[in-house]
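Comments concern the structure below.
The values are calculated or read from the model by the stated rules, or taken from the named source; none is laboratory data. Keep in mind it's a predicted model, so treat the numbers as computed, not measured. Cβ sites come from the backbone with ideal geometry, for glycine too, and all protein chains shown count toward neighbours. The accessibility values were calculated without ligands, DNA or RNA, using every heavy atom of the protein model including side chains. Shrake-Rupley method; radii C 1.70, N 1.55, O 1.52, S 1.80 Å.
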Protein chains: 2
Amino acid sequence: MKAMRTKTKQNQIPAISLDPADCNCLAIRQAARQVTQFYDRHLGVIGLRTSQYSILSKLLRLGPQSINALAMLMAMDRTTTGRAIRPLERDGLIEVAARDDARTRVMQLTAAGRVRLKEAQPLWREAQRDFETRYGGGEAASLREALSRVVSLH
Amino acid sequence: MKAMRTKTKQNQIPAISLDPADCNCLAIRQAARQVTQFYDRHLGVIGLRTSQYSILSKLLRLGPQSINALAMLMAMDRTTTGRAIRPLERDGLIEVAARDDARTRVMQLTAAGRVRLKEAQPLWREAQRDFETRYGGGEAASLREALSRVVSLH
DNA sequence: TGTGTAAGGGTGCATATGCGCCTAATTTCA
DNA sequence: TGAAATTAGGCGCATATGCACCCTTACACA
């Protein structure tokens, strides 16, 4: 590494590709479409999208959350989150919890939501297992690590 | 590796995580949202989304394409592609080419499309350079490689 | 105590995403 | 050559995505 840097001036910033064919945004969006379809086909059996499963799952593991907090957890825009919870609320899977601050809407799982999540879990595990079996468990772990570094770029 | 496989029966399929916190789908969707926003903020200056830039870019590099062919190239659903080209057609950036097969709609860049693409290229390069500088050029190349293996899972 | 500011969230708009179902054109093959 | 199968694409529907702009509530502080 150090040897490379002292080699030539051109190597000071290594390997940045400005070839249009190497667009990181296109690459990640394509992959996201594929994986979403893959997981959605499994979860679709009980009428849940992966994004909806993710939200229910977060609420189960982390307890009631405000729209803003949930948006943060999902690395999602606030307004997107506000709309994403609507079908879940409509179907009685989540509800607004008691509020001390009249501005916030703290969402929590309902009993029906917990039931649906229980039904969804084996389907999600099937999707996860199928994916990791085909892609490779170790590779998947590396990929998740690389993706989390993308998210933490801000 | 071989030593691990003979160690115990449980290690025959190594490292598959069924922990809900390790959802590959959520990980990739979160990252896709971040990266899309990142690139869109750069390209937004001239009123193009990254997805639109990608389509124009493909048409420039690969020539006129049918909806189906374009969908394949973008790893995108056929109907999604059919709708994605609408704003581009409306704004006169692409147009339908001559057809031998009355079923197909072969899309091609217009002169205005080529101009817009020329304007967009420096903005895209800026986004790409910013991203790779912060994420790491080598890491980005590895990430793209890992993502392309996801897409090729089918 | 009034007021400016910050925080939480909603709405309108435009695009993105893909499934199920439909129509039209083409190709295959008996 | 005519019917069946294939191919190309559209449309309705529902959700996903985030920006600009707006309202309300809470808080800090003069």
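Within the range A:95-104, is even one residue more than 7 Å from DNA strand D (Cβ to nearest atom) and within 17 Å of A:R49 (Cβ to Cβ)? No, because not a single residue in the range A:95-104 is more than 7 Å from DNA strand D (Cβ to nearest atom) and within 17 Å of A:R49 (Cβ to Cβ). Taken over the range B:116-154, the criterion of being open to solvent by 20 Å² or more (accessible area, probe 1.4 Å), at the interface with chain A (Cβ under 7 Å from one of its Cβ atoms) and of a type in the set (A, V, I, L, M) is satisfied by B:A141, B:V151, B:L153. The residue pairs whose first member lies in the range B:93-106 and is open to solvent by less than 100 Å² (accessible area, probe 1.4 Å), whose second member is in a loop (DSSP other than H, G, I, E, B) and near DNA strand D (Cβ under 9 Å from one of its atoms), and whose beta carbons are closer than 7 Å, counting only pairs six or more residues apart or on different chains, are B:V96/B:R105; B:V106/B:R99.
One line per residue, one yes/no per condition, for (1) within 8 Å of chain B (Cβ to nearest Cβ); (2) of a type in the set (K, R); (3) out of contact with any strand residue (DSSP E or B) (no Cβ under 8 Å at 6 or more places or on another chain); (4) surrounded by fewer than 21 Cβ atoms within 10 Å (Cβ to Cβ):
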position: A:A27; (1), (2), (3), (4): yes, no, yes, no
position: A:V35; (1), (2), (3), (4): yes, no, yes, no
position: A:Y39; (1), (2), (3), (4): yes, no, yes, no
position: A:I46; (1), (2), (3), (4): no, no, yes, yes
position: A:L59; (1), (2), (3), (4): no, no, no, no
position: A:G63; (1), (2), (3), (4): no, no, no, yes
position: A:T80; (1), (2), (3), (4): no, no, yes, yes
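Applying the criterion of at least 2 residues that are modelled with pLDDT of 95 or more and within 11 Å of DNA strand C (Cβ to nearest atom) to the helices (runs of 4 or more DSSP H) found wholly in the range A:51-154 leaves A:67-74, A:78-90. Would you mind stating whether A:L26 is within 19 Å of the chain's Cα centre (by Cα) and closer than 25 Å to A:R134 by Cβ? So A:L26 passes the test.
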